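Undergrad: Right, I'll just put the structure down here and ask away after.
The values are calculated or read from the model by the stated rules, or taken from the named source; none is laboratory data. From a predicted model like this one, the values you see are computed outputs, not experimental measurements. For neighbour counting, all protein chains shown are included, and Cβ atoms are generated from backbone atoms with ideal geometry for every residue, glycine included.
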Amino acid sequence: MIYEYIINNFKKGEPIFLNEIPGSSKEVVRQEMKRLTDNKKLVRVYNGVYYYSYKTSFGTEGKMYIEDFIDKKYLFNNGKKEGFITGYMLVNKYGFTTQNPSVFEICSNAATTKQRKIEIDGYKMIVYKPVAQITDENINELEFLDLMSVIDKYSELKGEEYRSKLRKYVQDKNINFDIVKKYLPLYPNIVYKNIYEGGLMNELV
């Protein structure tokens, strides 16, 4: 049974994609998922995305874990890196701001348009198509360039504190500036300015 397979292979709150469910045909799987949804054993949150119903420790209806959805849909594909968090959330992730953004911004190979706004289970997202195909070999450098394209707007740090944290980020992520230079022309001019003000211009020459 499909429901038994789901219970045995997915955690509470984990998004379940239609193409992850085995069956004799896609139509049979789709009909069974609809039946389970109608019987309130599954919750459909988006086209082809479900999770199984459960109660929290407080007795309330459980929700899908949005971070797991983002990971499975946009950031990884069969273990390979396909995308990264960008925008305000990227600046927050590495400690340049303490503000928590209300919108998830994601750069992913899974994007089919330059920019798309969607809402999943009450969470707002903006999904961007990358300037180049994201691979394990260039993901750190593309993430760095995305960071440099917005950091002037969102960073709460200034002066030496800002430059010190930026240098640590570059070291920790092992940024290859030969790869950065390859993709730099695809980004707006503000990236050059932010790299210069971050004290990293020598890395480009």
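Undergrad: Quick check, is Glu119 surrounded by 14 or more Cβ atoms within 10 Å (Cβ to Cβ) and in the same structural domain as Asn194 (by TED's automatic domain parsing)?
TA: Spelling it out, it is not the case that Glu119 is surrounded by 14 or more Cβ atoms within 10 Å (Cβ to Cβ) and in the same structural domain as Asn194 (by TED's automatic domain parsing).
Undergrad: Residues in region 35-88 that are more than 30 Å from Met148 (Cα to Cα) and of a type outside the set (Val, Ile, Thr): how many?
TA: Of the residues in that region, 24 qualify.
Undergrad: Please work out which residue is nearest to the chain's Cα centre (by Cα), limiting yourself to region 144-163 and to residues that are acidic (Asp, Glu) and assigned to a helix (DSSP H, G or I).
TA: If we filter region 144-163 for residues that are acidic (Asp, Glu), which is where we start, we get 146, 152, 156, 160-161.
Now narrow it down to the ones that are assigned to a helix (DSSP H, G or I): 146, 152, 160-161.
Working: Asp146: 13, Asp152: 21, Glu160: 30, Glu161: 27 Å.
Applying the filter and picking the extreme gives Asp146.
Undergrad: Among the residues of region 187-195, are any under 24 Å from the mean Cα position of the chain (by Cα), surrounded by fewer than 16 Cβ atoms within 10 Å (Cβ to Cβ) and either assigned to a helix (DSSP H, G or I) or outside the structural domain of Asn138 (by TED's automatic domain parsing) (or both)?
TA: Checking region 187-195: at least one residue is under 24 Å from the mean Cα position of the chain (by Cα), surrounded by fewer than 16 Cβ atoms within 10 Å (Cβ to Cβ) and either assigned to a helix (DSSP H, G or I) or outside the structural domain of Asn138 (by TED's automatic domain parsing) (or both).
Undergrad: Identify, please: which residue in region 148-165 is in contact with a helix residue (DSSP H, G or I) (Cβ under 8 Å, 6 or more places away or on another chain) and closer than 21 Å to Asn100 by Cβ and is, among those, surrounded by the fewest Cβ atoms within 10 Å (Cβ to Cβ)?
TA: Asp152
Undergrad: Ala132: in the same structural domain as Asn194 (by TED's automatic domain parsing), part of a loop (DSSP other than H, G, I, E, B) and under 30 Å from Tyr54 (Cβ atoms), yes or no?
TA: no
Undergrad: Residue check: is Tyr88 over 17 Å from the mean Cα position of the chain (by Cα) and either among the aliphatic types (A, V, I, L, M) or surrounded by 11 or more Cβ atoms within 10 Å (Cβ to Cβ) (or both)?
TA: Details: over 17 Å from the mean Cα position of the chain (by Cα): no; either among the aliphatic types (A, V, I, L, M) or surrounded by 11 or more Cβ atoms within 10 Å (Cβ to Cβ) (or both): yes.
Taking the combined requirement at face value, the residue does not satisfy it.
Undergrad: Scanning region 91-109 for residues that are part of a strand (DSSP E or B) and in contact with a Gly (Cβ under 8 Å, 6 or more places away or on another chain), which turns out surrounded by the fewest Cβ atoms within 10 Å (Cβ to Cβ)? Even if it seems obvious, please write down each step before you answer.
TA: Going through region 91-109, the residues part of a strand (DSSP E or B) turn out to be 103-108.
Imposing the further condition that a residue be in contact with a Gly (Cβ under 8 Å, 6 or more places away or on another chain) reduces the set to 103, 105-108.
On the way: Val103: 13, Glu105: 20, Ile106: 23, Cys107: 25, Ser108: 23.
The selected residue is Val103.
Undergrad: Looking at region 51-106 only, could you name the residues that are among the β-branched types (Val, Ile, Thr) and closer than 27 Å to Glu160 by Cβ?
TA: Listed by number, the residues that qualify are Ile85, Thr86, Val91, Thr97, Thr98.
Undergrad: Among the residues of region 164-175, what is the count of those that are in contact (Cβ under 8 Å) with a residue 12 or more places away in the chain and over 22 Å from the mean Cα position of the chain (by Cα)? Full working, then the answer.
TA: Let us first name the residues in region 164-175 that are in contact (Cβ under 8 Å) with a residue 12 or more places away in the chain, namely 165-167, 169-170, 173-175.
So of that shortlist, the ones also over 22 Å from the mean Cα position of the chain (by Cα) come out as 165, 167.
The number of residues fulfilling the criteria is 2.
Undergrad: I want to confirm something. Restricting to region 1-21 and keeping residues that are part of a helix (DSSP H, G or I) and either aromatic (Phe, Trp, Tyr) or in contact (Cβ under 8 Å) with a residue 12 or more places away in the chain (or both), which single residue is surrounded by the fewest Cβ atoms within 10 Å (Cβ to Cβ)? Show your work before the answer.
TA: Kept after step one, since they are part of a helix (DSSP H, G or I), are these residues of region 1-21: 2-9, 18-20.
From what is left, the residues that are either aromatic (Phe, Trp, Tyr) or in contact (Cβ under 8 Å) with a residue 12 or more places away in the chain (or both) are 2-3, 5-7, 18-19.
Numbers: Ile2: 18, Tyr3: 15, Tyr5: 13, Ile6: 20, Ile7: 12, Leu18: 15, Asn19: 9.
Within region 1-21, the match that is surrounded by the fewest Cβ atoms within 10 Å (Cβ to Cβ) is Asn19.
Undergrad: What number of residues in region 22-37 are of a type in the set (D, E, K, R) and surrounded by 12 or more Cβ atoms within 10 Å (Cβ to Cβ)?
TA: Going through region 22-37, the residues of a type in the set (D, E, K, R) turn out to be 26-27, 30, 32, 34-35.
Those left that are additionally surrounded by 12 or more Cβ atoms within 10 Å (Cβ to Cβ): 30, 32, 34-35.
Final tally of qualifying residues: 4.
Undergrad: When the residues of region 76-85 are filtered to those that are in a strand (DSSP E or B) and in contact (Cβ under 8 Å) with a residue 24 or more places away in the chain, which remaining residue is surrounded by the fewest Cβ atoms within 10 Å (Cβ to Cβ)? Talk me through it step by step, then tell me what you get.
TA: Restricting attention to region 76-85, the residues satisfying the condition of being in a strand (DSSP E or B) are 76-77, 80-81, 83-85.
Among the residues that remain, those that are also in contact (Cβ under 8 Å) with a residue 24 or more places away in the chain are: 77, 80-81, 83-84.
On the way: Asn77: 14, Lys80: 11, Lys81: 18, Gly83: 25, Phe84: 21.
Only one residue tops the list, namely Lys80.
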